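**Q** Right, I'll just put the structure down here and ask away after.
The values are calculated or read from the model by the stated rules, or taken from the named source; none is laboratory data. If you're wondering where the values come from, they're calculated on a predicted model, not measured in any experiment. Here the Cβ positions follow ideal geometry from the backbone for every residue, glycine too, while neighbour counts run over all protein chains shown. Side chains included, ligands, DNA and RNA excluded: accessible areas come from the protein's heavy atoms. Shrake-Rupley method; radii C 1.70, N 1.55, O 1.52, S 1.80 Å.
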Amino acid sequence: MKINATSIKKLFSVLILAVFLMASFICCSSPANTASGKTLDDYPVIEIPDSDVPELNPTVSSVEMAKNMIIGWNLGNTLDATGDWTDGNGVFHSDFKGLETETGWGMPTTTESMITAIKNAGFKTIRIPVSWHNHISDKTDYMIDSAWMARVKEVVDWAYNKDMYVIINIHHDNLAESNLAGNCGFALSNNADLQNQSKAYIRNVWTQIAVEFASYDERLIFEVLNEPRDVGGKVFKDEWNYSGKDALTIITAYEQVGIDAIRAVPGNKNRFIMVPGYAASGTNATMLGNFTLPTDSASDKLILSTHAYSPYNFAMANSDSVFGDDDKADLTSIFKYLKTNYTDKEIGVVMGEASASNKDNTAERIKWVKYYFEKAKEAGIPVVLWDNDVADPDGNENVDGGYNGEHHGWLNRKSGKWYFPTIIKAMMDTVGITDYSIPEYVAPTPSSIGWDEASAVTISTDQKEINWQSEYNLESSNFVNAKSGSILKISFTESGATLRLTSADWKTNYNTGDILNGQAGGDNISVTASEIYYILTASDASAWKANGITISGANGTITSIKFLANPSTN
């Protein structure tokens, strides 16, 4: 080929173009984007069955829908509980433990009477957080275990059939990027393979949920994700307060997949769907400003989902127990922003989680309630109260000030009565609810539960310091007469022990009975005095009679163990 000036110019232009294209590919594609080439379409798709379910046709706007929800309550730390843990080598485990995960964080099994108590107290909405990734029976197509789906439906029906609004979601399925490979769930990641895996999971889970609940009317609301974030903060370097656009773009893409999956299922083409921004923050204007709502084939059926435990120092941190003018200014700013940028622009907003941790400051929390709920009402935003049934004010952890920020117990779920009825009443009065019944929970005493020291049988008087290697093994013969309501009393030389009551093989923890001088949390019971009374449930009694129990724990020395099979109050 003859080389001349024109040819050189053409060749140089081609080379420049090639270099530019290569550079563009490198810049726009992270190493992950070339990892496998597997696309979302390569993942198995859940088949949508033929259906003649009529489509919803709600006549209210998203703003009107949110206003109609008025005030709500969260079934917290219950159906959202997981069996996830990371071992000493940093390896992530997700135990698919079945229906028993409902009590995995110390909550009692949900009953219809609990939901009735919520309804009677004046709440119009119930949010039922649900974790699904630990209830997947087939990891290939992310098929949800049928027993778990049935249990979720049962709890939903209890509220739905009482004419309440019900929110269900994907809750604790957000994993750290490092834990997603080979596991079920989703993660915020720059890795294209992990993004596609996440999208496949979200698509298939929401397809199944939408099929299961297709015939429900608009009072059932789907919330695509809960607090989506970079768990562990390894990818975007800030788990809770990241305000850049990269992670928010991923969140929008994930939510788009969920919305499209829901809309593809007959009966759901016009259902209301809630979508959060990064960590569902309702307090950070920059984070919300960088969040773009997904598109929707339905008209005006998306609602912004936000959370605000605010002001943070008063509501969560251990540093502030007085609600002052600075706290009012904080709340005024939050709800002014949400009103100006969303409800005034015809975008509905739901404050899906809010609470103020108990710091033995009931009067101040009443002030907080009146101001918080009034500002929310002015903005047209319903507030859904977070409840984890941890009501004691002095903390389960050794932190300065005695508070750990997570004491958001409102309903005593076993009795259906309220720890702080004056605060709940303030909520109802502020939002305009007039028909309510809020009975007060009165903590039991040894006398009121029927403890009779003289009639109790002493099992042991051995003084032993408990730790996870030093255990009491109590034979089944000690519990031959056990029944629901029987009482185990354990005495210590001091207060503050951590206790675990478990089966001999350590596979079953017993922590759902009523507890005096203690609080169940996860697998353990935190003892707040020098003695603890554990009142057995029917299932406890059956298991203990058959197999006995093992007592272990830490931070305490046991001096005696006594058992009363037949308390006088029974």
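**Q** Does region 230-244 contain any residue that is modelled with pLDDT of 95 or more, at negative phi, hydroxyl-bearing (Ser, Thr, Tyr) and touching a helix residue (DSSP H, G or I) at 6+ places or on another chain (Cβ under 6 Å)?
**A** no
**Q** I'd like the full set of residues that are in a helix (DSSP H, G or I) and polar (S, T, N, Q), limited to region 174-210.
**A** Passing the criteria: Ser178, Asn179, Gln195, Asn196, Gln197, Ser198, Asn204, Thr207, Gln208.
**Q** Here's a follow-up. Within region 141-157, restricting attention to residues that are among the charged types (D, E, K, R) and in a helix (DSSP H, G or I), which residue is surrounded by the most Cβ atoms within 10 Å (Cβ to Cβ)?
**A** Arg151
**Q** Now for a separate question. Determine whether Ser243 is in a loop (DSSP other than H, G, I, E, B) and either farther than 21 Å from Gly405 by Cβ or under 21 Å from the mean Cα position of the chain (by Cα) (or both).
**A** Values: in a loop (DSSP other than H, G, I, E, B): yes; either farther than 21 Å from Gly405 by Cβ or under 21 Å from the mean Cα position of the chain (by Cα) (or both): yes.
In short, yes.
**Q** Which of the numbered conditions does Val527 fail, given that it passes all the others? Conditions: (1) in contact with a Ser or Thr (Cβ under 6 Å, 6 or more places away or on another chain); (2) free of Cβ contacts under 8 Å to residues at least 40 places away in the same chain; (3) buried (at least 20 other Cβ atoms within 10 Å of the Cβ).
**A** Going through (1) in contact with a Ser or Thr (Cβ under 6 Å, 6 or more places away or on another chain); (2) free of Cβ contacts under 8 Å to residues at least 40 places away in the same chain; (3) buried (at least 20 other Cβ atoms within 10 Å of the Cβ) one by one, Val527 breaks only (1).
**Q** Related question: With open to solvent by less than 20 Å² (accessible area, probe 1.4 Å), touching a residue at least 40 places away in the same chain (Cβ under 8 Å) and out of contact with any Leu (no Cβ under 9 Å at 6 or more places or on another chain) as the only criterion, which of Thr493, Thr502 stands out?
**A** Details: Thr493 fails: open to solvent by less than 20 Å² (accessible area, probe 1.4 Å).
Every option except Thr502 fails the conditions.
**Q** Read through the list (1) open to solvent by 10 Å² or more (accessible area, probe 1.4 Å); (2) at pLDDT 95 or above, then give the number of the only condition that Pro276 fails.
**A** Pro276 satisfies every listed condition except (1).
**Q** Starting from residues that are of a type outside the set (A, V, I, L, M) and part of a helix (DSSP H, G or I), keep the ones in region 98-115 and report whichever is farthest from Ser437 (Cα to Cα). Spell out how you get there, then give the answer.
**A** At the first step, the residues of region 98-115 found to be of a type outside the set (A, V, I, L, M) are 98, 100-106, 108-113.
Now narrow it down to the ones that are part of a helix (DSSP H, G or I): 98, 100-103, 112-113.
On the way: Gly98: 35, Glu100: 31, Thr101: 31, Glu102: 27, Thr103: 27, Glu112: 17, Ser113: 14 Å.
Out of the qualifying residues, it is Gly98.
**Q** Shifting gears a bit: At least 3 residues that are over 20 Å from Thr458 (Cα atoms) in each: list the strands (runs of 3 or more DSSP E) lying fully within region 482-522 that qualify. Spell out the reasoning first.
**A** Numbers: elements: 487-492, 498-502, 514-516, 518-521.
Strands (runs of 3 or more DSSP E) meeting the threshold: 518-521.
**Q** For region 158-189, which positions are closer than 17 Å to Leu79 by Cα and open to solvent by 30 Å² or more (accessible area, probe 1.4 Å)?
**A** Trp158, Tyr160, His172, listed by residue number.
**Q** Also: I'm checking my understanding of the structure. Among residues of region 328-369 that are in a loop (DSSP other than H, G, I, E, B) and free of Cβ contacts under 8 Å to residues at least 40 places away in the same chain, which one is least open to solvent (accessible area, probe 1.4 Å)? Break it down stepwise before answering.
**A** Of region 328-369, the ones in a loop (DSSP other than H, G, I, E, B) are 342, 346-347, 355-361.
If we keep only those that are free of Cβ contacts under 8 Å to residues at least 40 places away in the same chain too, we end up with 342, 360.
Values: Tyr342: 18, Asp360: 122 Å².
Looking at the filtered set, the residue picked out is Tyr342.
**Q** Evaluate region 401-408: report whether one residue or more is touching a Gly at 6+ places or on another chain (Cβ under 8 Å), open to solvent by less than 10 Å² (accessible area, probe 1.4 Å) and under 18 Å from Ala520 (Cα atoms).
**A** Yes, the conditions are met somewhere in region 401-408.
**Q** Scanning for something open to solvent by less than 10 Å² (accessible area, probe 1.4 Å), at pLDDT 95 or above and either farther than 23 Å from Ile221 by Cβ or not charged (D, E, K, R) (or both), does region 89-103 turn up at least one residue?
**A** Taking every residue of region 89-103 in turn, none turns out to be open to solvent by less than 10 Å² (accessible area, probe 1.4 Å), at pLDDT 95 or above and either farther than 23 Å from Ile221 by Cβ or not charged (D, E, K, R) (or both).
**Q** Checking the structure you have, find out if any residue of region 413-421 is touching a helix residue (DSSP H, G or I) at 6+ places or on another chain (Cβ under 7 Å), open to solvent by less than 50 Å² (accessible area, probe 1.4 Å), charged (D, E, K, R) and over 19 Å from Ile487 (Cβ atoms).
**A** Filtering region 413-421 down to residues touching a helix residue (DSSP H, G or I) at 6+ places or on another chain (Cβ under 7 Å) leaves 413, 416, 418, 420.
In the following step, the residues that additionally are open to solvent by less than 50 Å² (accessible area, probe 1.4 Å) were identified as 413, 416, 418, 420.
Narrowing the set further to residues that are charged (D, E, K, R) leaves 413.
If we keep only those that are over 19 Å from Ile487 (Cβ atoms) too, we end up with 413.
Yes, that holds for at least one residue.
**Q** Looking only at region 237-247, decide whether some residue is over 22 Å from Leu180 (Cα atoms) and open to solvent by less than 10 Å² (accessible area, probe 1.4 Å).
**A** Looking through region 237-247, none of the residues is over 22 Å from Leu180 (Cα atoms) and open to solvent by less than 10 Å² (accessible area, probe 1.4 Å).
**Q** Let me ask something additional. Answer yes if at least one residue in region 439-458 is within 25 Å of the chain's Cα centre (by Cα) and within 23 Å of Ala520 (Cα to Cα), and no otherwise. It would help to see each step written out before you state the result.
**A** Applying the first criterion (within 25 Å of the chain's Cα centre (by Cα)) to region 439-458 yields 441.
Of the ones still in play, those that are also within 23 Å of Ala520 (Cα to Cα) are 441.
Looking through region 439-458, at least one residue is within 25 Å of the chain's Cα centre (by Cα) and within 23 Å of Ala520 (Cα to Cα).
**Q** Is it fair to say Trp451 is within 22 Å of Ala117 (Cα to Cα) and surrounded by 15 or more Cβ atoms within 10 Å (Cβ to Cβ)?
**A** It is false that Trp451 is within 22 Å of Ala117 (Cα to Cα) and surrounded by 15 or more Cβ atoms within 10 Å (Cβ to Cβ).
Here's the yes/no breakdown for (1) touching a Phe, Trp or Tyr at 6+ places or on another chain (Cβ under 9 Å); (2) farther than 30 Å from Tyr510 by Cα:
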site	(1), (2)
Met107	no, no
Ile136	yes, no
Glu154	no, no
Trp158	no, no
Asn161	no, yes
Ile170	yes, no
Asn179	yes, no
Asn183	yes, no
Gln195	yes, yes
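**Q** Moving to a separate point now. For region 290-306, how many residues are touching a residue at least 40 places away in the same chain (Cβ under 8 Å) and either surrounded by fewer than 20 Cβ atoms within 10 Å (Cβ to Cβ) or acidic (Asp, Glu) (or both)?
**A** Of region 290-306, the ones touching a residue at least 40 places away in the same chain (Cβ under 8 Å) are 290-294, 300-306.
Narrowing further to those that are either surrounded by fewer than 20 Cβ atoms within 10 Å (Cβ to Cβ) or acidic (Asp, Glu) (or both): 290, 292-294, 300.
Adding up the residues that qualify gives 5.
**Q** Can I ask one more? Name the residues in region 525-541 that are small (Gly, Ala, Ser) and under 20 Å from Gly104 (Cβ atoms), would you? Quick ask: steps written out before the conclusion?
**A** Taking region 525-541 as the starting set, the residues that turn out to be small (Gly, Ala, Ser) are 526, 529-530, 538-539, 541.
Residues satisfying the conditions are Ser526, Ala538, Ser539.
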